[in-house]
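The structure under discussion appears below in the form of structure tokens.
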Amino acid sequence: MAASPSLDLADARLGVLGGSGLYAMQGLEEVRELEIDTPFGTPSDTLRVGRIGDLEVVFLARHGRHHTLTPTEVPYRANLWAMRSLGVRWILSASAVGSLQEGVRPLDMLIPDQFIDRTHQRPLTFFGEGAVAHVGVADPFCPVLSALLGDATRPLMPGGRQLHQGGTYLCMEGPAFSTRAESELYRSWGCDVIGMTNHSEARLAREAEIAYATLAMVTDYDCWHSDHDAVTVEMVIENLQANAALAQQVIRAAAEKVAERRPASASHHALRHALMTPPERVPHLTRRRIDLFTATYWGAYETAES
């Protein structure tokens with residue numbers, strides 16, 4: 001097995017995944033659009049590559065720029081593979097969520113540090129088919145990048161709106177919202193917000209050795225709250241629009257901090273002790289598909305074949 005070289009982040013890129021209400025990123029310069037073919041299918045949309053100062057940024061609308069993909073239909077593996085293939089080593093994710101706690105109010109922002117998975121129709125690993133890896137996700141969101149995102153967000157929060165640093169994100173399958181019984185169950189578990197996408201991305205980002213953090217934008221109180229008899233699309237869209245301008249400012253500020261600090265993270269070495277299968281036992285097609293992630297440890301696929 002090849003020894004892992006030291007990580008050079010000098011030329012790494014920042015990825016931004018835009019969720020509901022965030023289908024483009026303002027302020028990018030020298031933008032070009034790339035179509036990426038991946039071993040896991042076609043990404044949600046073309047990837048837009050541009051610059052913020054000295055940092056190259058890759059933006060992707062996870063639901064497509066016209067919101068044509070349900071949370072289940074989002075090609076998470078293709079999206080993350082494409083990001084990593086373009087040299088992305090940090091991802092900032094923006095997504096709409098419902099609140100499960102009284103103190104987390106609509107139009108607040110929350111940067112989660114934990115999740116609970118309630119999905120059941122999604123591939124959650126790049127591995128399998130002859131290659132086994134067990135990455136650690138005790139802290140599924142990168143603490144280093146999450147702290148940086150908090151530093152960028154806090155000064156921009158308007159009066160009356162609060163930033164919550166830390167909290168548990170319940171990821172449901174969707175696309176329908178919760179029943180009242182489900183909403184009360186998740187509250188009893190101590191969950192803070194509920195959404196439909198970030199758990200899937202966080203797991204795959206860890207396997208791809210990308211530091212991942214989320215800006216969760218609260219749109220509603222889900223259906224448990226006595227003042228909100230039901231979540232409506234109209235309510236969500238109205239608050240999404242109110243959140244969009246702030247999210248653009250936050251992501252740009254966070255991108256500038258990433259450019260300045262280029263923070264190293266344990267996420268960048270997540271596979272170091274996770275690869276279980278000897279590389280010579282991995283089928284050729286599987287080896288080729290995951291070479292983007294494993295070449296650091298196993299050597300490039302072509303080298304292994306020569």
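Bear in mind that the values in this text are calculations on the coordinates, not laboratory data. Because the structure is a prediction, the values reported are computed rather than measured. With ideal geometry, Cβ positions are generated from the backbone for all residues, glycine too; neighbour counts draw on all protein chains shown.
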Checklist entry - What are the semi-axes of the equivalent ellipsoid of the range 8-97, taken as the square roots of 5 times the eigenvalues of the Cα gyration tensor, listed largest first and rounded to whole Å? => result 20, 15, 11
Checklist outcome for this item: Between MET235 and GLU184, the two model label points (7 Å from Cα along the beta-carbon direction) sit apart by a distance in nm of 1.7 nm
Checklist entry - What is the Cα centroid distance between the range 10-77 and the range 81-104, reported in whole angstrom? => result 12 Å
Next on the checklist: Which of rounded, prolate or oblate describes the range 120-259 when judged by the alpha-carbon gyration tensor and an a/c cut-off of 1.5?
Outcome noted: oblate
Checklist entry - Counting only residues 5 or more places away or on other chains, whose amide H sits under 5 Å from the amide H of GLY15 once H atoms are built in the peptide plane? => result VAL58, ARG89, TRP90, ILE91, LEU92
Next on the checklist: Test of understanding: in a Gaussian network model of the chain with alpha carbons linked when under 10 Å, which of ALA259, ALA247, ALA295 would top the mean-square fluctuation ranking?
Outcome noted: ALA295
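How big is the C-alpha Rg of the range 13-305 next to the rule-of-thumb value 2.2 N^0.38 Å, as a ratio? If you can, show how the numbers build up before the last one.
Numbers: Rg = 18.7 Å, N = 293, 2.2 N^0.38 = 19.0 Å.
Ratio of Rg to 2.2 N^0.38 Å for the range 13-305: 0.98.
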Checklist entry - Given H placed on each backbone N at 1.01 Å, which residues far from LEU215 in sequence or on other chains put an amide H within less than 5 Å of it? => result SER93, ALA94, SER95
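Of all DSSP beta bridges in the chain, what percent run antiparallel (nearest 5)?
Working: 15 of 46 bridges.
Counting only bridges with both partners in the chain, antiparallel ones make up about 35 percent.
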Checklist entry - In what sequence do VAL74, VAL88, VAL31 fall when counting other Cβ within 10 Å, fewest first? => result VAL31, VAL74, VAL88
Next on the checklist: Which residues does the label zone of GLN121 cover in the range 72-98, counting backbone N under 13 Å from a point 7 Å along Cα→Cβ?
Outcome noted: 72-75
Item to check | Net charge of Cβ neighbours under 15 Å - reference PRO123; Lys, Arg +1; Asp, Glu -1 | outcome: -1
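Okay, helix-only estimate at 222 nm for the chain: each DSSP H run of n ≥ 4 adds -39500 (n - 2.57), divide by all residues, round to 500 deg cm²/dmol; what do you get? Numbers along the way, then the final one.
Numbers: 7 runs with 89 residues, N = 306.
About -9000 deg cm²/dmol.
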Checklist outcome for this item: Applied in sequence order to the range 56-73, the curve 6.51 cos²θ - 1.76 cosθ + 1.60 (Karplus, θ = phi - 60°) yields integer Hz couplings, x standing for Gly and Pro, of 7, 10, 10, 10, 9, 7, 5, 9, x, 5, 10, 6, 10, 10, 5, x, 6, 7
Next on the checklist: Which of TRP224, TRP81, TRP189 has the fewest other C-beta atoms within 10 Å, and how do the rest follow up to the most?
Outcome noted: TRP189, TRP224, TRP81
Item to check | Nearest 10 degrees, 0 to 90: helix 233-261 Cα axis against the chain principal axis | outcome: 50 degrees
